[in-house]
Amino acid sequence: RMAPDTPKPLSQKTPPPPDSLSTAWTAPASFITPAPDSPMAFASDPLALCLAQWATAIGADRDIEESRRPFMYLPFMHSESAAIHELALTLFAPFPLNYEFELKHKAIIDRFGRYPHRNAILERPSSEEELAFLQTPGSSF
């Protein structure tokens, strides 16, 4: 038995009411806008994915207005993990337009294992295949 002042593990916490959760989720985007050509643009991706995974694991995404759910799922789409994209397909399936974008993102991850668009910003070397891909029409979002 836990002492009354012992914090509950995240898995046992009750999500906040829908209004506060969606506000907490979307508020940072309104004032944190890192330069898109800076590595800082991707610095919070792991944390965002962690929060999105936690929210979906406890079902908190179901408490958010349906039209806002795709925003909560964006960290899955922006992940460079093929396994995460398998889950993203399921999450975005009810949202046809977002699902199409997820398919495009997943295809890039399946092909390269990462987003070549980020290579220069993150100072990663690009393969010849990645450089050729980046020159093709429609390769960017």
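Every number here is computed from the coordinates shown, using simple stated rules; none is lab data. The model shown is predicted, which means the values in this text are computed figures rather than measured ones. Every residue, glycine as well, gets a Cβ built from its backbone with ideal geometry; the counts of neighbours run over all protein chains shown.
Some points to look at:
- Among the residues of the range 52-97, those identified as surrounded by 19 or more Cβ atoms within 10 Å (Cβ to Cβ) and small (Gly, Ala, Ser) are Ala52, Ala55, Ala60, Ser79, Ala88.
- Scan of the range 65-114 for residues that are over 23 Å from Ala43 (Cβ atoms) and among the small types (Gly, Ala, Ser), ordered by number: Ser67, Ala93, Ala107
- Where helices (runs of 4 or more DSSP H) fall wholly inside the range 31-117, the ranges with 1 or more residues that are free of Cβ contacts under 8 Å to residues at least 60 places away in the same chain and among the acidic types (Asp, Glu) are 45-57, 82-92, 96-112.
- Filtered by the rule that a residue be surrounded by 11 or more Cβ atoms within 10 Å (Cβ to Cβ) and among the aromatic types (Phe, Trp, Tyr), the range 102-141 gives Phe112, Tyr115, Phe133.
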